[in-house]
Amino acid sequence: MRKIKKTFKIIFKIFLVIFALVCALFIFFNIPVRKENVDAKLGVTFSMRYAQDIGLDWRAAYVAVMDDLQARKIRLPVYWDLVEPRDGEYDFSDLDWQLEEAEKRNVEIILVVGQKVPRWPECSIPEYLKNDAVKRKEKLLEFVGVITERYKNSPAVKYWQVENEPFLKFGVCPDLDVNLLDQEIATVRKIDPGRKIIITDSGELSLWARAAKRADIFGTTMYRTIHNSKIGFYTYPIGPRFFQFKYWLNKIFTGQNNVIVIELQAEPWIDGWTTNSSLEDQFVSMNAEKLKDNLSFARQAGFPEIYFWGAEWWYWLKVRQNHPELWDTAKELFRDRTNNPIAEFPKVKNVFPANGKKEVIIGAEDPIIVDFNKSTRGYFIKFVLDPESEVVYQNNSEKTQFKLLPKDKIRDGTVYKLKILAKIFGDDDANYREIYNGSFETLRAAPLTWEADFQLRLDQAKKYTRAKKIIGKYVDINLQTQIMSIFEEGKLLDTFLISSGKRGMGTPVGEHRIYNKFPRAFSKAYGLFMPYWMAILPDGKMGIHELPEWPGGYKEGVNHLGVPVSHGCVRLGVGPAKTVYDWADIGTPVVVY
């Protein structure tokens, strides 16, 4: 009897210790956290499948999430049964479009691959594989590899997520094969070793360890109010410190210290299909105030990134139910001082020519160069040059550097003012912000006195001749200096001495073009050959050509290059004429002045 009593006392003491520990943890988990991580970045999960299921134009919803909400972090599921509906036949069109639109706006994407991905029915296994487990596993690894290979070079893809909460038994899914999960992770790492991999698990119903130890970044879900068919709505009796405690445990036992909130409850938890329930029931577990409260809770947990779960539902309320409250509240949250993209506007890091610079030469080889401190994807950038001129530009693939040229002729000795404006993609023009204001002065006009020495004159021409056209090819003929220059895309390629029309038979001034070309034309009027002929008038009676050649082979005017002695045509020396002839196309502009 004594032994029984003693045993009972031991059991009772153990029970008391356990109860005390549980109570202590409960109290600890619910100690208020005074400080919120207001620097936590916000994002959303977006599911084209779910958007369609609730009757939305999923493309319009996706664009609205990026342009109206201004979400710059989005988690996108890859639905296996939609991308590979038949064995070996892929349809990437919808996924390509989503990533292309994200790239335009500098949106960071978490791309979720695997057989279990966000939204019901959780697993998106193609029909032809549902009854063949062996083939399904083989094809799954192949599919994960195909997706990783296709999108590894997309600048929009920030992270990969492999499977969704693989250790939580939920949804219409086969039993977990841990070895298969590890092979999926290995497949992604092998193909794209430079990107981090996210593995997720339930925030409330798991210890995180199995997922966390496999991940570069661990993603936890965070649900506050759920619905049970037996007890109705139920709010978890835990505070933010519950998640802090699990973070601490996993940091010790798995070494994982990169944790984000991958799913923060931002839509109702309903027994059945959400949009089939009354709005009154939906608003019990989620409304505008609960949304803000849930975000505050998640920020108190202290994690650096928080992804809302429910953006499609917000949009459905707005466009289908005339209830924009959730959408507008989310919009405010994305635009507050910590998540407002305006606070992260790109800044001008460097401009050539520098502000205040004088004697500047601007041309194809020396364009205006603007460097930004980060990519300008997601923003419209406007360059305003005064004196007013339309600007053409090229940018690098990262959109961190722009090279600008005015379409109009650069004016010598002129002070140009350059303003750079930016606005968020999709904003009204009224929201453009000035992010740079500077000026520079171009080199003064060319000297009035040209060198008598022709070689020195050519050197002068190379220094002082400015492109009058910056698009395509054009031939520049300066009658004063007797020099021809050829330009392509505003870049000076070469200069040549010419002999233009003499007094009384001058070469016509103005903008012409090359109408026809013949490698060896013959002038009946003068009985001479004109090699490398390029007509510059519609009637073909005047053109550019090599020095005239007598039937016996004598070249006329070799010593007259640099002096106007022709009957109106433009003569080039032996060598330069062929160069220009081979380079110029029919239709190439010819500017004579």
Note to self: Show me the helices (runs of 4 or more DSSP H) entirely contained within region 30-95 in which 2 or more residues are under 24 Å from the mean Cα position of the chain (by Cα) and farther than 21 Å from VAL117 by Cα.
What the structure shows: 58-67
Checklist line | Every residue from region 381-430 that is more than 23 Å from GLY356 (Cβ to Cβ) and modelled with pLDDT of 90 or more | finding: ASN395, ASN396, LYS399, THR400
Next item on the list: Starting from residues that are assigned to a loop (DSSP other than H, G, I, E, B) and more than 39 Å from the chain's Cα centre (by Cα), keep the ones in region 476-489 and report whichever is farthest from THR579 (Cα to Cα).
Entry: GLN480
Next item on the list: Scan region 513-539 residue by residue and report those that are under 54 Å from the mean Cα position of the chain (by Cα) and basic (Lys, Arg).
Entry: ARG513, LYS517, ARG520
Next item on the list: Scan region 215-232 and give yes if some residue there is touching a Pro at 6+ places or on another chain (Cβ under 8 Å) and closer than 23 Å to ARG72 by Cβ, otherwise no.
Entry: no
Check: Within the group ASN294, ASN250, which residue is under 34 Å from the mean Cα position of the chain (by Cα) and either surrounded by fewer than 16 Cβ atoms within 10 Å (Cβ to Cβ) or not assigned by TED's automatic domain parsing to the domain that holds ILE110 (or both)?
Finding: ASN294
Margin query: Of all residues being part of a helix (DSSP H, G or I) and of a type in the set (D, E, K, R) in region 573-593, which is surrounded by the fewest Cβ atoms within 10 Å (Cβ to Cβ)? Just the residue, please.
Written below: ASP582
Item checked: So ARG210, is it on the phi < 0 side of the Ramachandran plot and assigned to a loop (DSSP other than H, G, I, E, B) -> no
Check: For residues in region 520-572 being part of a strand (DSSP E or B), of a type in the set (Gly, Ala, Ser) and at pLDDT 90 or above, which is nearest to SER500 (Cα to Cα)?
Finding: SER566
Next item on the list: Give just the number: which of (1) polar (S, T, N, Q); (2) surrounded by fewer than 14 Cβ atoms within 10 Å (Cβ to Cβ); (3) under 15 Å from VAL592 (Cβ atoms) does SER499 not satisfy?
Entry: (2)
Margin query: Checking the condition within 30 Å of GLN70 (Cα to Cα), in contact with an Asp or Glu (Cβ under 7 Å, 6 or more places away or on another chain) and either assigned by TED's automatic domain parsing to the domain that holds GLU390 or not aromatic (Phe, Trp, Tyr) (or both), which residue from LEU443, LEU528, LEU421 passes?
Written below: LEU421
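The values are calculated or read from the model by the stated rules, or taken from the named source; none is laboratory data. Small disclaimer: the values here were computed from a predicted structure and weren't measured. Reconstructed Cβ throughout: ideal geometry from the backbone, glycine too, with neighbour counts over all protein chains shown.
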